Every structure is written in structure tokens, then in C-alpha cells.
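Report on the structure given below.
The values are calculated or read from the model by the stated rules, or taken from the named source; none is laboratory data. Bear in mind the structure is a predicted one, so any value in this text is a computation, not a measurement. Using ideal geometry, Cβ is built from the backbone for each residue, glycine included, and neighbour counts are taken over all protein chains shown.
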Amino acid sequence: MSVDLVLKGGTVVTEGGPVQADVAVSGGIITGLTAPGEGPHAHRTVDVTGMYVLPGVIDTHSHHREPGYTHKEDIISGTSASAAGGVTFSAAMPNVYPPVTTAKILKDMYAMYAEKAVIDYNINAASAKLEELPEMAAMGIMSFKIFMVVDTGRDYPHMPGIGVHDHGKLLKMFQEVKKTGLPIMVHPHDQALMDVIEQEYWARGERDYRAYAKAYSSLDGVIWDTAVGVLLRLQQATDVHLHILHLQTKGCVEMIKAARAQGRPVTSEVNPWTLWLGNDWANVERLGSYALSYYVERHHYEAVWQALLDGTSDMIATDHAPHTRAEKEPGWENGWKAHTGTPSAQEYVSMLMTDVNDGKLTIKKAVELLSENPAKVFKLYPKKGAIRIGADADFAVIDMNAELTLHNERIVSKCGWTPYAGRKVKGLPVHTIVRGKFVFEDGKVVGEPGYGEKASPLTDEHVRRMQTAAAMVTA
Ligand code: DOR
Ligand code: ZN
């Protein structure tokens, strides 16, 4: 009997680590892992000798901007950029227009994704309207999301309607989300502190990108730490699964470590801009608002990197946040007028592979941070997140020896620029495969809009059935 596809000759990064193996795929599922050259006959065999075969990368935090802000990005361009970066599943954020606060809006958005997504997807819905939470949870969302920010001086990316910083409202929200069984992702921010801090900057006449960067990170990260302190206490009071976004200070790392030591359901992500962009003031000087997301002082970056290595933090997720050049330019004069955020979906895997090549982490650890842990935290595992029998045949095939100086002309995102332009990387995605089908092949996006499928958190029963089936195959 022939299978659909065999990836032959590669180094396959399994949960146990890298092994030389061929991978067989049928019906979009991984059906076999064999010694090299001993794979079954296949309708199509692709030679990946010399390359690493990783599980498809799971990005749990991306801004695809549709509906509402499609001049920046849309579902097709956003999921195509992800495909070009080795990503096989991308979860969208709710700061679109209309913001995703009701079941009706969510339903319409799912219909758009079914028609347009190039890779697998889900949506993180805003938890602002409590009466809508049970129905949205029942529709299979991955997580709820809330921003503790409401912008001053601009109305994007933190528009009114999905920003909540009142502690009472947050408590109520945590209680209601807890009933749904889903996690709540929070962008931590203390608005009252930011109000005071930014007034001080403005009173001194400091408004440019430097002032903006320093205001956010001032007093050793007090805006972030205070918010995370509150969130963790509310988590303890409600036992909700709290997923902290944008981990970027030493103080937050220490608080998360203490909460996890008590066995509490607290997880977190780190974003590419913390690891490779905003952690170096020279990038802020060179790129102005194009480097901001946020500025992360060196000792904070070091604590966060250590947290990823030692397991205190779970994953890298992009926070892919495309904005046009026209939306970034005002930042040279007024940092508060530029839209905050940086694109990274196409680049982050190569940045991390470069670190693997430089010996900063192992390939196994990289796969945990990119695929396995995000899939486990959001209950997509074992369907996704690992190369194992019975899992979806999602792969990122990486040429660890390929070198490139990143540049704007290759950018698939609609925004057309990357803050990583000029960076030398070593380790590039060559093919991206979603459920057995190539969506990115030999460096070109070949996926079709509408191929992507929604992937929802698995029930315990579903996990049990998958595990039984896999045990039968391998027995
Ligand atoms: O930098 C950011 N950009 N932070 C956010 O919270 C939102 C995001 C965006 O949507 O652009
Ligand atoms: Zn974000």
C-alpha cells in the first residue's frame, strides 16, 4: 500500500530529540517514522537530505488585521507570511473592527477565515462582554484575550471596547472565563502609572520615539510588573488559567516563577522583539518607532532569555503586528502618534535557528518553544505540536546551513517592511507543510486561500482516543 508523501533523508526533531528518519504521511496525518530509506512507497517522495524536519510552528499570537484594518494586513497576506516563516497554525487577535466581543462577530470572522486562511488557524476572542463568553467558548475559540491598555493620543492598536484595567471588572472577567474552562491571555499594563509617567515626559517636552520607549520601560518596568502583580493575585483568587503576554521584565519572571512553584496554572509567552530588537537601544536609535513594540533593557532581556531556557516561560509567539510606514513615520517626532508593534511572522524562526547555530540553545529546546509547548498550553497537542504517529502532518523543513541577509523585498506581509532588514541569519525555512500539503515550497508561498482549517482545543476524550490510536499503530 502506498502513502501520500514521504519526507526522505532528513533529521527529524521528535519529542525525544533529533533522529535520522523518513516520515510517512497519509490523509494529512503522520502515519510512519522509519529508518532512513525504509519508508513505504509513496505517491510523492521529497528528498530533504541535510535538512531538519521540525513540527509545524504554532504561533498563538498574531495580528492579521482583518476585518477592519486590511490596509496593514489581511487574512491571506498574514497567513501567507506565516507560511513563509515555517508557521502552520496562527491564532488571530481580537483588535480588528468590529472587535471580536460577541458570538455573532466571531461567527462572521470564522466564515472569513474558512474562505481565506492559507494555514490552520483560530481566533482569540476579547472577553469584554461577559454575557457572550459561554457561547464564544462553545464555538471553539482557542483562548480569551484582554488588553489592560487603552491608548492615549491614538485609537489603534488599543481601541476602546477591548481594554480593561479596572480591577473589579478584571476579577469578574476572570471568574466568568474560569467557568468556560479556557485560558485568558492578558496584555499586562498599568494605565494609571502610564498616565502619570507620560505626563512627566510631556511636561519636559519629550515626545519623540526615545521618550515613548523610555516611558514604557521606566522605573525598571513598573508598568509591566504592577500589572502582572495584580493579574497573578486575581488568578490566585479565581484559579483561571492565566497566560501572560509580552513577558519582558525580570520582576515578571520572578513573580511567574513563584506562582508556578505553587502549582498554579500560569503560562507566558516571549515575543521576537524582546529577543532580537527592542533589547538593544541601538536598534531604537536606528529605527525609531519601527523598532517599537517596546524597549527592553539588557538585564530584563537576560532574565527573560533565561526564563525560556529554564522553563519558567513556555513559548515564543510572534505578536506579529504589521503597521504601514505611514503609521510609523510620525514616531520620529511623536512616539505616541505612531502605532506600536512590529511584524515578525516570516522572520522569527530564522532568528531562533540562527541562535541554535550559534549554540545559544539546542534544536530540541527551540522546537519546544516554537511548537510543542504552545500546542500543549492551548490543548492542540497531540494533534499538533510534535512529530508523532497520528498527529497532523504539519512540518517546517529548515535548511540549517542557508544564510541570508534579511531584506524588505522578500517580505510577504502587506506592510512590506521588516525591522530585521540587514540582519544576517543562518537557518531558513525551505518548505512548510500543513496536513500533508505544501503551503510554502522551495522558498515560495504555494498555499491556497481556504485550505487552512480551524484547530480548536481538544477535549480530554479526543486526546485519549488519539493516544489509543497511536499506541495501536506503534504496538
Ligand atoms: O505592540 C503592540 N502591537 N502591542 C499590542 O498590544 C497590540 C499590537 C498591535 O495590534 O499592533
Ligand atoms: Zn499583540
Unmet criterion (only one of (1) more than 16 Å from the chain's Cα centre (by Cα); (2) more than 16 Å from ligand 2 (Cβ to nearest atom)) for Ala84: (1)
Candidate set from the range 129-158 (those that are small (Gly, Ala, Ser), modelled with pLDDT of 95 or more and not in a helix (DSSP H, G or I)); member that is nearest to ligand 1 (Cβ to nearest atom): Ser143
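If you check Thr324, Thr318, Thr342, Thr274, which single one turns out to be of a type outside the set (A, V, I, L, M) and touching an Asp or Glu at 6+ places or on another chain (Cβ under 6 Å)? Talk me through it step by step, then tell me what you get.
Numbers: Thr324 fails: touching an Asp or Glu at 6+ places or on another chain (Cβ under 6 Å); Thr342 fails: touching an Asp or Glu at 6+ places or on another chain (Cβ under 6 Å); Thr274 fails: touching an Asp or Glu at 6+ places or on another chain (Cβ under 6 Å).
Going through Thr324, Thr318, Thr342, Thr274 in turn, just one is of a type outside the set (A, V, I, L, M) and touching an Asp or Glu at 6+ places or on another chain (Cβ under 6 Å): Thr318.
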Candidate set from the range 194-209 (those that are surrounded by fewer than 18 Cβ atoms within 10 Å (Cβ to Cβ) and assigned to a helix (DSSP H, G or I)); member that is modelled with the lowest pLDDT: Asp195
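Please work out if Val445 is buried (at least 19 other Cβ atoms within 10 Å of the Cβ), β-branched (Val, Ile, Thr) and out of contact with any helix residue (DSSP H, G or I) (no Cβ under 7 Å at 6 or more places or on another chain).
No, not satisfied.
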All positions within the range 264-289 that are closer than 21 Å to Ser218 by Cβ and assigned to a helix (DSSP H, G or I): Trp273, Thr274, Trp281, Ala282, Asn283, Val284, Glu285, Leu287, Gly288, Ser289
Cross-chain or 6+ apart pairs with Cβ under 6 Å, the range 282-298 first and within 14 Å of Ser344 (Cα to Cα), then of a type in the set (A, V, I, L, M, F, W, C): Ala291/Leu277; Ala291/Val284; Leu292/Ala213; Ser293/Trp273
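Identify all residues within the range 418-441 that are in a loop (DSSP other than H, G, I, E, B), more than 19 Å from the chain's Cα centre (by Cα) and more than 18 Å from Val25 (Cβ to Cβ); write none if there are none.
Taking the range 418-441 and keeping what is in a loop (DSSP other than H, G, I, E, B), we get 418-423, 435-436.
Checking which are more than 19 Å from the chain's Cα centre (by Cα) leaves us with 421-423, 435-436.
Answer for the range 418-441, where residues must be in a loop (DSSP other than H, G, I, E, B), more than 19 Å from the chain's Cα centre (by Cα) and more than 18 Å from Val25 (Cβ to Cβ): Ala421, Gly422, Arg423.
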Flag for Lys72 being in contact with a His (Cβ under 6 Å, 6 or more places away or on another chain) and either within 14 Å of ligand 1 (Cβ to nearest atom) or among the small types (Gly, Ala, Ser) (or both): yes
Where a residue in the range 236-258 is touching a residue at least 40 places away in the same chain (Cβ under 8 Å) and within 13 Å of Tyr301 (Cβ to Cβ) and its partner, wherever it lies, is away from ligand 2 (no atom under 16 Å from the Cβ) and among the charged types (D, E, K, R), with Cβ under 7 Å and at least six apart: Thr249/Asp225; Cys252/Asp225
